[in-house]
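See below for the structure under consideration.
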Amino acid sequence: MNRRSITIAAMLILTLSAWVSGTLAQDNFYKGKTVRILVGGSAGGGYDTYTRTIARHLGKHIPGNPSFVVENMTGAGSLIAANYTYKIAKPDGLTIGHFIGGLMLQQVMGKPGIEFEGQKFEYLGVPAQDSLVLGVTKAAGVTSVEQWLASKTTLKFGGVGPGAGTDDVTKVVRATVGVPIQVISGYKGTADIRLAMAAGEVHGVTNSWESYKSGWSKELESGSVLMLLQTLPQRHPELPNVPAIHDFVKNDDDRKLVQTGIFDYSAIARPYALPPKTPKDRVRLLRKGLTDTYKDPEFIADARRARLDMNPLSGEELEKVVARVYRLDKPLVEKLKDILLK
């Protein structure tokens, strides 16, 4: 063997040794560890239900098989959880934040109290892209959008806080469709709004169809809650008789507001994110772990039992949508500020 062959062989051995060493280090890092997932919504809501279902299976798909625990960190429309993930949580791959993705748009608009830079999170992906639907109680006496517009009846809608679909999407619908809505914000999650609707405190909520199916099955089966309007580019196959927002929004300016304030929001509504500067190898492991979990037959069966629809985005795909939010034209941002912040 000549000197050149010996050099190449040595380099290959060193490369293989480094790869094996790095792989073992990753395995050893998560072995015996517990990973926290901080959920910005209350127990029993959609964010909580998705996360607890995922957490039961995710450890199988991470080298070292760590345990995953879910902690609810409610407050300020999940802003407390987002700020904590960004500023306080250690960037060690052991804390994952799950908060309302609409806070990114709120930051672009200059909402006070946001202490993070949305583009600096390490994104793992979203489990589902929200299919947001306006639902009202039967007791509200409104059975269609047309009747609502004609009667000019003001309905109270429960909200979690600025940045949440309960609030922001409702306000975009109010501005573009023209339905009279008063948003009553400050609930800890959609589970709390469900109780408020049952008590007659509010008449409705803008919630994902996925959350309605998993957490509101009794209300849907009894007919005590009615679906009035779906805010999707095309009608959901399970809601063929519920009108879509494009049936009522006709001009280009309003369509732009709907695209940014509703459709893009729906894509990034449920992000899983790590603190900035988390080691890249751990980001890759957790991203792959989530992707593999979504394909796990046991997880799929569990999600079906919980009536959870899966329509995930990868961490890389989520980063692209978030970047688009931060590139919005200033005139459009100013219009959204008038709708969402004033």
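The residues in region 38-75 that are crowded, with 21+ Cβ neighbours inside 10 Å, aliphatic (A, V, I, L, M) and not in a loop (DSSP other than H, G, I, E, B) can be counted, and the count is 4.
Scanning region 91-109 for residues that are in a loop (DSSP other than H, G, I, E, B), open to solvent by less than 50 Å² (accessible area, probe 1.4 Å) and either out of contact with any Pro (no Cβ under 6 Å at 6 or more places or on another chain) or farther than 22 Å from residue 45 by Cβ (or both) gives 92, 93, 94, 99, 100, 102, 109.
Only residues that are open to solvent by 40 Å² or more (accessible area, probe 1.4 Å) and touching a helix residue (DSSP H, G or I) at 6+ places or on another chain (Cβ under 6 Å) were counted across region 114-124, and they come to 1. Scanning region 76-90 for residues that are open to solvent by 30 Å² or more (accessible area, probe 1.4 Å) and under 17 Å from residue 103 (Cβ atoms) yields 76, 80, 84, 86, 87, 88. Whenever a residue of region 323-342 is on the phi < 0 side of the Ramachandran plot, its partners that are of a type in the set (Asp, Glu) and part of a helix (DSSP H, G or I), lying with C-beta atoms within less than 6 angstrom and at least six residues away or across chains, give the pairs 340/168.
Taken as a whole, region 285-297 holds at least one residue that is loosely packed, with under 14 Cβ neighbours inside 10 Å and either of a type outside the set (Ser, Thr, Tyr) or out of contact with any strand residue (DSSP E or B) (no Cβ under 8 Å at 6 or more places or on another chain) (or both). Where in region 192-258 are the helices (runs of 4 or more DSSP H), entirely inside, with at least 1 residues that are open to solvent by 30 Å² or more (accessible area, probe 1.4 Å), of a type in the set (D, E, K, R) and more than 14 Å from residue 133 (Cβ to Cβ)? Qualifying helices (runs of 4 or more DSSP H): 217-222, 252-258.
Once region 298-342 is narrowed to residues that are open to solvent by 80 Å² or more (accessible area, probe 1.4 Å) and not in a helix (DSSP H, G or I), the residue that is farthest from residue 178 (Cα to Cα) is 307. Anything in region 171-180 that is over 21 Å from residue 211 (Cα atoms) and open to solvent by less than 10 Å² (accessible area, probe 1.4 Å)? List them, or say none. Residue satisfying the conditions is 179 alone. For region 112-119, the criterion of being assigned to a helix (DSSP H, G or I), in contact (Cβ under 8 Å) with a residue 12 or more places away in the chain, of a type outside the set (D, E, K, R) and in contact with a Ser or Thr (Cβ under 9 Å, 6 or more places away or on another chain) is satisfied by no residue at all. Based on what the data block shows, is residue 261 more than 28 Å from residue 146 (Cβ to Cβ) and either more than 21 Å from the chain's Cα centre (by Cα) or surrounded by 15 or more Cβ atoms within 10 Å (Cβ to Cβ) (or both)? So residue 261 does not fit the description; no.
The values are calculated or read from the model by the stated rules, or taken from the named source; none is laboratory data. Source: prediction; values computed, not measured. Methodologically, a virtual Cβ is constructed for each residue, glycine included, from the backbone with ideal geometry; neighbour enumeration extends over all protein chains shown. Please note that ligands, DNA and RNA were not included when accessible areas were found on the heavy atoms of the full protein model with its side chains. Shrake-Rupley method; radii C 1.70, N 1.55, O 1.52, S 1.80 Å.
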